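The structure appears right after this line, and notes come after that.
The values are calculated or read from the model by the stated rules, or taken from the named source; none is laboratory data. Model, not experiment: these values are computed from the prediction. Cβ: placed from backbone, ideal geometry, glycine included. Neighbour counts: every protein chain shown. To get the accessible areas, we keep the full protein, side chains included, count just its heavy atoms, and leave off ligands, DNA and RNA. Shrake-Rupley method; radii C 1.70, N 1.55, O 1.52, S 1.80 Å.
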Amino acid sequence: MYCTKSIPLLILLFFLNLHVATAAKPLYNICFSQDNYTNNGPYRNNLDVLLSFLAIKAPPTGFGLGWFGEAQNYVSGLALCRGDVSSPDCKTCIDDAGKELLQRCPNKKGAIIWYDYCLLKYSNVNFFGKIDDDNKFYLLNVNDVEGDPEVFYEKVKELLSGLASKAQGSQKLYATGDLELQKFKKLYGLAQCTRDLSSVDCKKCLDDAIRDLPGCCFGKRGGRTVGGSCNVRYELYPIIDP
């Protein structure tokens, strides 16, 4: 299930089980710019160069940013892969993301797309180092938790808050972990920021993302806040590749 930031209870799509999502299928995209470019014009040429550059720059470390052009033809962008994703899978995801965005947001000078394995964003303004509070959506597991949802959410908050602090202090601004709820039952979590953010802003972005979760996912077995600068996720099954 998706929920957008502006209308958090609007149902856009159902997932019977979130863990069946694959890197090949986009989670969501937003064409956020009101400015347009012309096909075969200088902005489009710079955008093509940028997308090719990011597909090479990001996979070795899981993150890359770049910019090309000047004035009205300036374009900046970044690509981020989930911290456990291999370099080949990262490259495949970014390649797919670039092609998909050009189809989904034709002639738009600013757009963002999310996959399970990566995100890709470009714009005609310099957005590096700034928390993106505008481009955000939510995913939830449609199944309800067993027992008291208040108690469960406190465990979710405990786990994700700890991971936010861990991510803040890590080189990749990424952390995963789990919390034992009872014997043979664990809660799994993930927190990650784009690496253009400072450590302080990463923590702020993650804390805000955690605070957003109850509005979308309270009482649910899994949920995510997915944004242009950071994301958090929890589930009652492992959520990263072994």
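Side notes on the structure shown:
- Shape call, the range 110-223: gyration tensor on alpha carbons, a/c limit 1.5: prolate
- Surface analysis of the chain yields an accessible area of 46 Å² per residue, using protein heavy atoms and a 1.4 Å probe.
- Accessible surface of the chain, 1.4 Å probe, proportion on carbon and sulfur as whole %: 53 percent
- Chain lengthening between Asp35 and Leu102 when straightened (0.36 nm per residue, less Cα-Cα): 22.7 nm
- Potential extension, Val151-Lys186 segment - 0.36 nm per residue separation minus Cα distance: 11.2 nm
- The convex hull of the Cα atoms of the range 49-199, projected and averaged over all directions, covers 10.6 nm².
- Nearest-ten-degree value, helix 149-168 long axis tilted from longest Cα axis of the chain: 50 degrees
- At R0 = 22 Å, FRET efficiency that the Cβ-Cβ distance of Lys166 and Val125 yields, to 0.05: 0.10
- Computed extension length for Phe218-Val49: 56.6 nm, one decimal, from 0.36 nm per residue of separation with the Cα-Cα distance subtracted.
- 0 to 90° range, to nearest 10: angle between helix 87-104 axis and the chain longest Cα axis: 70 degrees
- In the assembled protein chains, Val200 presents an accessible area of approximately 100 Å² (probe radius 1.4 Å).
- Within the chain: Cβ-based charge dipole about Cα centre, in debye rounded to nearest 20 (Lys, Arg +1; Asp, Glu -1): 220 debye
- Here the range 142-205 is treated as a Stokes sphere of Kirkwood radius computed over C-alpha pairs; at 25 °C and 0.890 mPa s its diffusion coefficient rounds to 193 µm²/s.
- Candidates Cys93, Cys31, Cys81, ranked by Gaussian network fluctuation over the chain, Cα under 10 Å, top entry: Cys31
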